[in-house]
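Have a look at the structure below, then the notes.
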Amino acid sequence: MRTIMKIEKLKSISALEEFLQGNQQVAFTVLGSKTERYNFVRKTLIKFSYMTLSKKDKGIVIRYLLKMTDYSRQQLTRLIKQYTKTGKINWTPCRTNGFTKKYTDQDIVLLAKTDELHDTPCGSAVKKICERAHDVFDDKAYRRLTKISVSHLYNLRGSKRYKRQRRHFTKTQSRQIPIGERRKPQPEGKPGYIRIDTVHQGDQDKVKGVYHINAVDEVTQFEIVCSVEKISEHYLMPALEQMLDSFPFTIHGFHSDNGSEYINQRVADLLQKLFIEFTKSRSRHSNDNALAESKNASVVRKVFGYTHIPQKWAPEINKFNRTYLNPYLNYHRPCFFPETITNAKGKQQKVYPYKNVMTPFEKLKSLPKVDEYLKPEISLDILDEYALKMSDNEAADYLQKARHKLFCLIFKQDKTA
(Lines give C-alpha, C1' and ligand atoms only; values in the text may rest on other atoms or scores of the structure.)
Protein backbone atom coordinates (compact mmCIF):
# COMPACT_ATOMS: atom_id res chain seq x y z
CA MET A 1 0.00 0.00 0.00
CA ARG A 2 1.38 3.39 -0.94
CA THR A 3 1.16 5.85 2.01
CA ILE A 4 -0.21 9.39 1.71
CA MET A 5 0.60 11.58 4.72
CA LYS A 6 -0.37 15.26 5.32
CA ILE A 7 1.52 16.21 8.45
CA GLU A 8 3.05 19.53 7.45
CA LYS A 9 1.16 21.37 10.21
CA LEU A 10 2.34 18.95 12.93
CA LYS A 11 5.52 20.76 13.93
CA SER A 12 5.21 20.89 17.73
CA ILE A 13 4.31 18.65 20.63
CA SER A 14 1.11 20.65 21.26
CA ALA A 15 0.10 20.11 17.64
CA LEU A 16 0.65 16.38 18.05
CA GLU A 17 -1.50 16.41 21.19
CA GLU A 18 -4.33 18.24 19.42
CA PHE A 19 -4.09 15.80 16.54
CA LEU A 20 -4.36 12.84 18.86
CA GLN A 21 -7.41 14.41 20.56
CA GLY A 22 -9.04 14.71 17.16
CA ASN A 23 -9.11 18.55 17.03
CA GLN A 24 -6.50 18.99 14.30
CA GLN A 25 -7.82 18.46 10.79
CA VAL A 26 -5.16 16.25 9.13
CA ALA A 27 -5.89 13.53 6.63
CA PHE A 28 -3.69 10.42 6.89
CA THR A 29 -3.45 6.78 5.97
CA VAL A 30 -1.47 4.04 7.75
CA LEU A 31 1.89 3.36 6.15
CA GLY A 32 2.10 0.19 4.07
CA SER A 33 5.66 -1.10 3.64
CA LYS A 34 7.93 -1.88 6.55
CA THR A 35 10.75 0.27 5.15
CA GLU A 36 8.46 3.33 4.95
CA ARG A 37 7.28 2.79 8.51
CA TYR A 38 10.82 2.48 9.83
CA ASN A 39 11.89 5.66 8.00
CA PHE A 40 8.83 7.51 9.27
CA VAL A 41 9.58 6.52 12.88
CA ARG A 42 13.21 7.61 12.57
CA LYS A 43 12.37 10.98 10.92
CA THR A 44 9.68 11.71 13.52
CA LEU A 45 12.09 11.03 16.39
CA ILE A 46 14.64 13.35 14.79
CA LYS A 47 12.05 16.04 13.98
CA PHE A 48 10.83 16.35 17.56
CA SER A 49 14.27 15.76 19.17
CA TYR A 50 12.98 12.75 21.05
CA MET A 51 16.16 12.31 23.13
CA THR A 52 15.71 15.76 24.75
CA LEU A 53 11.97 15.56 25.46
CA SER A 54 10.40 15.16 28.87
CA LYS A 55 8.71 11.94 29.86
CA LYS A 56 5.25 13.41 29.17
CA ASP A 57 6.21 14.69 25.74
CA LYS A 58 7.85 11.38 24.86
CA GLY A 59 4.53 9.71 25.65
CA ILE A 60 2.75 12.03 23.21
CA VAL A 61 5.27 11.19 20.45
CA ILE A 62 4.85 7.48 21.13
CA ARG A 63 1.05 7.73 20.96
CA TYR A 64 1.37 9.60 17.69
CA LEU A 65 3.65 6.93 16.21
CA LEU A 66 1.33 4.17 17.39
CA LYS A 67 -1.54 5.78 15.51
CA MET A 68 0.44 6.47 12.36
CA THR A 69 2.28 3.14 12.02
CA ASP A 70 -0.28 0.75 13.50
CA TYR A 71 2.56 -1.00 15.38
CA SER A 72 2.07 -2.55 18.81
CA ARG A 73 3.54 -0.69 21.77
CA GLN A 74 6.11 -3.45 22.32
CA GLN A 75 7.36 -3.29 18.73
CA LEU A 76 7.53 0.50 18.77
CA THR A 77 9.44 0.43 22.07
CA ARG A 78 12.03 -1.88 20.49
CA LEU A 79 12.45 0.47 17.52
CA ILE A 80 12.88 3.53 19.76
CA LYS A 81 15.40 1.63 21.88
CA GLN A 82 17.37 0.79 18.74
CA TYR A 83 17.31 4.45 17.72
CA THR A 84 18.51 5.67 21.13
CA LYS A 85 21.44 3.25 21.03
CA THR A 86 22.59 3.55 17.42
CA GLY A 87 20.79 6.57 15.95
CA LYS A 88 19.42 4.26 13.25
CA ILE A 89 16.49 1.94 12.72
CA ASN A 90 17.54 -0.88 10.42
CA TRP A 91 15.37 -3.62 9.02
CA THR A 92 17.02 -6.96 8.20
CA PRO A 93 14.78 -9.33 6.21
CA CYS A 94 14.48 -12.80 7.71
CA ARG A 95 15.95 -15.77 5.87
CA THR A 96 13.27 -17.99 4.43
CA ASN A 97 15.46 -21.10 4.74
CA GLY A 98 17.82 -20.56 7.64
CA PHE A 99 18.42 -24.23 8.47
CA THR A 100 18.81 -26.54 5.48
CA LYS A 101 18.50 -30.28 6.07
CA LYS A 102 21.74 -32.02 5.19
CA TYR A 103 20.20 -35.50 5.08
CA THR A 104 17.00 -35.84 3.07
CA ASP A 105 14.03 -38.13 3.52
CA GLN A 106 15.54 -40.37 0.85
CA ASP A 107 18.66 -40.76 3.01
CA ILE A 108 16.55 -41.66 6.05
CA VAL A 109 14.58 -44.23 4.04
CA LEU A 110 17.85 -45.69 2.74
CA LEU A 111 19.23 -45.86 6.30
CA ALA A 112 16.08 -47.64 7.50
CA LYS A 113 16.32 -50.13 4.64
CA THR A 114 19.99 -50.77 5.38
CA ASP A 115 19.23 -51.30 9.08
CA GLU A 116 16.47 -53.74 8.18
CA LEU A 117 18.73 -55.71 5.85
CA HIS A 118 21.50 -56.03 8.44
CA ASP A 119 19.26 -56.53 11.52
CA THR A 120 20.01 -53.10 13.03
CA PRO A 121 23.72 -53.31 13.91
CA CYS A 122 25.39 -50.60 15.97
CA GLY A 123 25.93 -47.14 14.51
CA SER A 124 29.61 -47.62 13.68
CA ALA A 125 28.90 -50.84 11.80
CA VAL A 126 26.13 -49.17 9.77
CA LYS A 127 28.45 -46.26 8.93
CA LYS A 128 31.06 -48.74 7.70
CA ILE A 129 28.41 -50.54 5.60
CA CYS A 130 27.41 -47.21 4.01
CA GLU A 131 31.05 -46.39 3.27
CA ARG A 132 31.63 -49.81 1.71
CA ALA A 133 28.44 -49.53 -0.35
CA HIS A 134 29.67 -46.23 -1.82
CA ASP A 135 33.44 -46.77 -1.99
CA VAL A 136 33.72 -50.50 -2.71
CA PHE A 137 30.47 -51.29 -4.55
CA ASP A 138 29.97 -47.84 -6.16
CA ASP A 139 26.41 -47.26 -4.92
CA LYS A 140 25.87 -43.51 -5.42
CA ALA A 141 22.76 -43.47 -3.22
CA TYR A 142 25.01 -43.67 -0.15
CA ARG A 143 27.03 -40.55 -1.05
CA ARG A 144 25.70 -38.38 1.79
CA LEU A 145 25.47 -41.19 4.34
CA THR A 146 29.20 -41.88 4.02
CA LYS A 147 29.87 -38.50 5.70
CA ILE A 148 27.41 -38.95 8.57
CA SER A 149 28.70 -39.11 12.13
CA VAL A 150 27.77 -42.06 14.32
CA SER A 151 25.99 -39.80 16.81
CA HIS A 152 23.84 -38.15 14.11
CA LEU A 153 23.06 -41.58 12.67
CA TYR A 154 21.26 -42.34 15.92
CA ASN A 155 19.47 -38.98 15.60
CA LEU A 156 18.12 -40.07 12.22
CA ARG A 157 17.04 -43.38 13.73
CA GLY A 158 14.99 -41.42 16.24
CA SER A 159 13.32 -39.22 13.62
CA LYS A 160 9.63 -39.52 12.77
CA ARG A 161 10.42 -40.35 9.13
CA TYR A 162 12.59 -43.30 10.19
CA LYS A 163 9.98 -44.58 12.65
CA ARG A 164 7.26 -44.39 10.00
CA GLN A 165 9.48 -46.40 7.68
CA ARG A 166 10.44 -49.04 10.19
CA ARG A 167 9.25 -50.05 13.63
CA HIS A 168 11.12 -52.62 15.71
CA PHE A 169 10.54 -53.69 19.31
CA THR A 170 12.71 -56.16 21.20
CA LYS A 171 11.83 -57.33 24.68
CA THR A 172 14.52 -57.82 27.28
CA GLN A 173 15.75 -61.42 27.30
CA SER A 174 17.69 -63.17 30.01
CA ARG A 175 20.91 -64.96 29.16
CA GLN A 176 23.21 -67.31 30.94
CA ILE A 177 26.55 -66.19 32.35
CA PRO A 178 29.57 -68.14 31.05
CA ILE A 179 31.26 -70.31 33.66
CA GLY A 180 34.88 -69.52 32.67
CA GLU A 181 37.86 -71.57 31.46
CA ARG A 182 40.78 -73.55 32.90
CA ARG A 183 43.47 -72.23 30.61
CA LYS A 184 43.26 -69.20 28.43
CA PRO A 185 44.55 -69.72 24.86
CA GLN A 186 47.27 -67.39 23.56
CA PRO A 187 46.87 -66.90 19.79
CA GLU A 188 49.57 -64.14 19.63
CA GLY A 189 47.88 -62.47 16.68
CA LYS A 190 47.62 -65.64 14.58
CA PRO A 191 44.30 -66.89 13.17
CA GLY A 192 43.14 -70.41 13.90
CA TYR A 193 42.24 -70.22 17.61
CA ILE A 194 38.48 -70.61 17.72
CA ARG A 195 36.02 -70.06 20.56
CA ILE A 196 32.96 -72.29 20.48
CA ASP A 197 29.62 -72.30 22.26
CA THR A 198 26.16 -73.84 21.95
CA VAL A 199 22.88 -71.94 21.58
CA HIS A 200 19.62 -73.79 22.26
CA GLN A 201 16.46 -72.81 20.41
CA GLY A 202 14.21 -73.41 23.43
CA ASP A 203 11.82 -76.07 24.73
CA GLN A 204 8.10 -76.42 24.11
CA ASP A 205 5.90 -78.90 25.97
CA LYS A 206 9.06 -80.62 27.25
CA VAL A 207 10.28 -81.10 23.68
CA LYS A 208 13.78 -79.87 22.88
CA GLY A 209 14.44 -77.50 20.02
CA VAL A 210 17.28 -77.12 17.53
CA TYR A 211 20.85 -76.55 18.78
CA HIS A 212 23.16 -74.04 17.09
CA ILE A 213 26.94 -74.55 17.29
CA ASN A 214 28.68 -71.18 17.05
CA ALA A 215 32.46 -71.02 16.45
CA VAL A 216 34.40 -67.74 16.23
CA ASP A 217 38.07 -67.19 15.48
CA GLU A 218 39.61 -65.02 18.19
CA VAL A 219 41.86 -62.92 15.93
CA THR A 220 39.85 -62.42 12.72
CA GLN A 221 36.31 -63.06 14.09
CA PHE A 222 35.68 -65.49 11.23
CA GLU A 223 32.47 -67.22 12.29
CA ILE A 224 30.85 -70.53 11.36
CA VAL A 225 27.37 -71.46 12.58
CA CYS A 226 26.08 -75.05 12.35
CA SER A 227 22.73 -76.42 13.49
CA VAL A 228 22.06 -79.94 14.79
CA GLU A 229 19.05 -81.81 16.12
CA LYS A 230 20.73 -82.86 19.35
CA ILE A 231 24.11 -82.33 21.02
CA SER A 232 24.82 -86.03 21.36
CA GLU A 233 27.92 -87.49 19.70
CA HIS A 234 25.91 -88.89 16.80
CA TYR A 235 24.88 -85.40 15.66
CA LEU A 236 27.66 -83.24 17.06
CA MET A 237 30.76 -84.96 15.66
CA PRO A 238 29.82 -84.54 11.95
CA ALA A 239 28.90 -80.92 12.66
CA LEU A 240 32.28 -80.25 14.30
CA GLU A 241 34.13 -81.82 11.38
CA GLN A 242 32.12 -79.71 8.92
CA MET A 243 32.79 -76.61 11.02
CA LEU A 244 36.55 -77.14 11.24
CA ASP A 245 36.67 -77.74 7.49
CA SER A 246 34.72 -74.51 6.74
CA PHE A 247 37.39 -72.12 8.05
CA PRO A 248 39.76 -70.94 5.28
CA PHE A 249 42.80 -71.20 7.58
CA THR A 250 44.28 -74.04 9.59
CA ILE A 251 42.84 -74.49 13.09
CA HIS A 252 45.38 -74.57 15.94
CA GLY A 253 43.24 -74.06 19.04
CA PHE A 254 39.77 -75.11 20.23
CA HIS A 255 38.33 -73.38 23.30
CA SER A 256 34.97 -74.11 24.94
CA ASP A 257 33.17 -73.85 28.26
CA ASN A 258 32.69 -76.85 30.54
CA GLY A 259 29.64 -78.22 28.73
CA SER A 260 29.56 -81.99 28.39
CA GLU A 261 28.86 -81.74 24.66
CA TYR A 262 32.49 -80.68 24.17
CA ILE A 263 34.25 -82.04 27.24
CA ASN A 264 34.18 -85.69 26.23
CA GLN A 265 36.57 -88.25 24.83
CA ARG A 266 35.20 -88.28 21.29
CA VAL A 267 35.80 -84.56 20.82
CA ALA A 268 39.22 -84.80 22.46
CA ASP A 269 40.20 -87.64 20.11
CA LEU A 270 39.06 -85.65 17.07
CA LEU A 271 41.10 -82.60 18.09
CA GLN A 272 44.12 -84.71 18.94
CA LYS A 273 43.92 -86.38 15.54
CA LEU A 274 44.01 -82.94 13.89
CA PHE A 275 46.76 -81.65 16.22
CA ILE A 276 44.46 -78.97 17.62
CA GLU A 277 45.05 -77.52 21.08
CA PHE A 278 42.03 -78.11 23.37
CA THR A 279 41.34 -75.65 26.20
CA LYS A 280 38.34 -75.18 28.45
CA SER A 281 36.95 -72.68 30.90
CA ARG A 282 38.38 -71.58 34.22
CA SER A 283 36.02 -70.91 37.08
CA ARG A 284 35.33 -67.29 38.12
CA HIS A 285 36.75 -65.89 34.85
CA SER A 286 33.56 -64.84 33.12
CA ASN A 287 35.30 -62.86 30.34
CA ASP A 288 37.41 -65.72 29.01
CA ASN A 289 34.80 -66.86 26.49
CA ALA A 290 33.15 -63.46 26.07
CA LEU A 291 33.73 -63.34 22.30
CA ALA A 292 31.63 -66.43 21.61
CA GLU A 293 28.98 -65.33 24.10
CA SER A 294 28.68 -61.90 22.50
CA LYS A 295 28.34 -63.48 19.04
CA ASN A 296 25.55 -65.69 20.39
CA ALA A 297 23.56 -62.57 21.22
CA SER A 298 24.51 -60.32 18.30
CA VAL A 299 24.35 -62.97 15.56
CA VAL A 300 22.58 -66.23 16.43
CA ARG A 301 19.77 -64.78 18.54
CA LYS A 302 19.33 -61.89 16.12
CA VAL A 303 18.93 -64.25 13.17
CA PHE A 304 16.92 -67.07 14.76
CA GLY A 305 15.31 -65.32 17.74
CA TYR A 306 14.10 -67.09 20.87
CA THR A 307 11.08 -68.96 19.51
CA HIS A 308 11.05 -72.74 19.76
CA ILE A 309 12.02 -74.51 16.51
CA PRO A 310 11.49 -78.30 16.39
CA GLN A 311 14.57 -80.48 15.99
CA LYS A 312 13.42 -81.98 12.70
CA TRP A 313 14.23 -78.68 10.95
CA ALA A 314 17.94 -78.82 11.82
CA PRO A 315 19.05 -80.03 8.33
CA GLU A 316 17.15 -77.20 6.60
CA ILE A 317 18.55 -74.62 9.03
CA ASN A 318 22.07 -75.98 8.59
CA LYS A 319 21.70 -75.68 4.82
CA PHE A 320 20.59 -72.08 5.30
CA ASN A 321 23.67 -71.46 7.48
CA ARG A 322 26.10 -72.82 4.88
CA THR A 323 24.50 -71.08 1.90
CA TYR A 324 23.51 -67.66 3.27
CA LEU A 325 24.39 -66.93 6.90
CA ASN A 326 28.09 -67.88 7.10
CA PRO A 327 29.12 -66.08 3.86
CA TYR A 328 27.27 -62.94 5.00
CA LEU A 329 28.91 -62.97 8.45
CA ASN A 330 32.45 -63.39 7.15
CA TYR A 331 32.46 -61.25 4.00
CA HIS A 332 29.78 -58.59 4.43
CA ARG A 333 29.17 -57.86 8.14
CA PRO A 334 31.61 -55.37 9.77
CA CYS A 335 32.94 -56.16 13.25
CA PHE A 336 34.84 -54.25 15.93
CA PHE A 337 38.47 -55.23 16.51
CA PRO A 338 40.03 -54.06 19.80
CA GLU A 339 43.36 -52.44 20.55
CA THR A 340 45.01 -52.94 23.93
CA ILE A 341 46.43 -49.82 25.58
CA THR A 342 48.24 -49.38 28.89
CA ASN A 343 47.28 -46.43 31.08
CA ALA A 344 49.52 -44.44 33.43
CA LYS A 345 48.93 -46.95 36.24
CA GLY A 346 50.05 -49.86 34.08
CA LYS A 347 46.55 -51.29 33.66
CA GLN A 348 45.72 -52.72 30.24
CA GLN A 349 42.47 -51.64 28.63
CA LYS A 350 40.79 -52.52 25.36
CA VAL A 351 39.55 -49.74 23.09
CA TYR A 352 37.57 -50.08 19.85
CA PRO A 353 38.57 -47.31 17.41
CA TYR A 354 36.43 -46.79 14.33
CA LYS A 355 39.39 -47.31 12.02
CA ASN A 356 39.40 -50.98 13.12
CA VAL A 357 35.81 -51.63 12.02
CA MET A 358 36.02 -54.12 9.14
CA THR A 359 34.70 -57.47 7.97
CA PRO A 360 36.40 -60.69 9.17
CA PHE A 361 37.80 -61.27 5.68
CA GLU A 362 39.29 -57.75 5.58
CA LYS A 363 40.88 -58.43 8.97
CA LEU A 364 42.31 -61.69 7.66
CA LYS A 365 43.82 -59.91 4.64
CA SER A 366 45.40 -57.27 6.89
CA LEU A 367 47.47 -59.83 8.82
CA PRO A 368 51.17 -60.10 7.92
CA LYS A 369 52.17 -63.27 6.07
CA VAL A 370 48.53 -64.27 5.71
CA ASP A 371 49.34 -66.86 3.04
CA GLU A 372 51.13 -68.95 5.66
CA TYR A 373 47.91 -69.42 7.63
CA LEU A 374 45.62 -70.40 4.73
CA LYS A 375 44.86 -74.00 3.88
CA PRO A 376 46.78 -75.35 0.86
CA GLU A 377 43.73 -75.37 -1.40
CA ILE A 378 42.76 -71.78 -0.46
CA SER A 379 44.27 -68.52 -1.78
CA LEU A 380 43.51 -64.84 -1.25
CA ASP A 381 42.53 -64.47 -4.91
CA ILE A 382 39.82 -67.09 -4.51
CA LEU A 383 38.52 -65.46 -1.33
CA ASP A 384 38.65 -61.98 -2.90
CA GLU A 385 36.62 -63.12 -5.88
CA TYR A 386 34.05 -64.69 -3.56
CA ALA A 387 33.83 -61.57 -1.35
CA LEU A 388 33.21 -59.21 -4.28
CA LYS A 389 30.67 -61.46 -5.99
CA MET A 390 27.90 -59.35 -4.45
CA SER A 391 27.61 -56.18 -2.38
CA ASP A 392 26.90 -56.07 1.35
CA ASN A 393 23.29 -55.06 0.76
CA GLU A 394 22.74 -57.75 -1.85
CA ALA A 395 24.12 -60.41 0.49
CA ALA A 396 21.93 -59.13 3.31
CA ASP A 397 18.90 -59.11 1.00
CA TYR A 398 19.53 -62.73 -0.02
CA LEU A 399 19.88 -63.63 3.66
CA GLN A 400 16.62 -61.90 4.65
CA LYS A 401 14.64 -63.49 1.82
CA ALA A 402 16.05 -66.94 2.55
CA ARG A 403 15.32 -66.57 6.27
CA HIS A 404 11.77 -65.42 5.55
CA LYS A 405 11.22 -68.40 3.27
CA LEU A 406 12.71 -70.78 5.86
CA PHE A 407 10.59 -69.42 8.72
CA CYS A 408 7.44 -69.54 6.59
CA LEU A 409 8.14 -73.20 5.85
CA ILE A 410 8.85 -74.07 9.50
CA PHE A 411 6.01 -72.28 11.22
CA LYS A 412 3.40 -72.91 8.52
CA GLN A 413 3.88 -76.67 8.69
CA ASP A 414 4.11 -76.65 12.48
CA LYS A 415 0.72 -74.89 12.72
CA THR A 416 -0.94 -77.35 10.35
CA ALA A 417 0.63 -80.39 12.02
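Numerical summary
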read-out: The lone exception for THR307 - which of (1) free of Cβ contacts under 8 Å to residues at least 60 places away in the same chain; (2) under 30 Å from CYS408 (Cα atoms); (3) in contact with a Phe, Trp or Tyr (Cβ under 9 Å, 6 or more places away or on another chain) it fails; value: (1)
read-out: Restricting the stretch 362-387 to residues that are closer than 20 Å to PHE137 by Cβ and touching a residue at least 60 places away in the same chain (Cβ under 8 Å), the residue that is surrounded by the fewest Cβ atoms within 10 Å (Cβ to Cβ); value: LEU383
read-out: Unique match (being in the same structural domain as MET243 (by TED's automatic domain parsing) and surrounded by fewer than 16 Cβ atoms within 10 Å (Cβ to Cβ)) among VAL351, VAL357; value: VAL351
read-out: Test result for ASN258, among the polar types (S, T, N, Q) and without any contact (Cβ under 8 Å) to a residue 40 or more places away in the chain; value: no
read-out: Test result for PHE247, out of contact with any helix residue (DSSP H, G or I) (no Cβ under 9 Å at 6 or more places or on another chain) and surrounded by fewer than 16 Cβ atoms within 10 Å (Cβ to Cβ); value: no
read-out: PHE278 vs. criteria touching a helix residue (DSSP H, G or I) at 6+ places or on another chain (Cβ under 8 Å), under 23 Å from LYS184 (Cα atoms), without any contact (Cβ under 8 Å) to a residue 40 or more places away in the chain and surrounded by 13 or more Cβ atoms within 10 Å (Cβ to Cβ); value: yes
read-out: Residues located in the stretch 79-91, provided they are surrounded by 13 or more Cβ atoms within 10 Å (Cβ to Cβ) and either charged (D, E, K, R) or modelled with pLDDT under 85 (or both); value: ILE89
read-out: Some residue of the stretch 391-414 being surrounded by 18 or more Cβ atoms within 10 Å (Cβ to Cβ) and of a type in the set (Ser, Thr, Tyr); value: no
read-out: Leading residue by the ranking (nearest to VAL199 (Cα to Cα)) among those in the stretch 218-244 that are of a type in the set (Ser, Thr, Tyr) and crowded, with 21+ Cβ neighbours inside 10 Å; value: SER227
read-out: Near pairs, Cβ below 9 angstrom, 6+ apart or cross-chain, from the stretch 328-346 (closer than 14 Å to SER366 by Cβ and in contact (Cβ under 8 Å) with a residue 24 or more places away in the chain) to any residue that is acidic (Asp, Glu) and surrounded by 24 or more Cβ atoms within 10 Å (Cβ to Cβ); value: PRO334/ASP392; CYS335/GLU223
read-out: Residue ID - nearest to LYS127 (Cα to Cα), chosen from residues in the stretch 143-178 that are at pLDDT below 75 and β-branched (Val, Ile, Thr); value: THR170
read-out: Test: residue in the stretch 178-190 that is in contact (Cβ under 8 Å) with a residue 12 or more places away in the chain, among the β-branched types (Val, Ile, Thr), outside any loop (DSSP other than H, G, I, E, B) and crowded, with 17+ Cβ neighbours inside 10 Å; value: no
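The values are calculated or read from the model by the stated rules, or taken from the named source; none is laboratory data. Just so you know, these numbers come straight off a predicted model, no measurement behind them. FYI the Cβ positions are ideal-geometry reconstructions off the backbone, even for glycines, and counts take in every protein chain you see.
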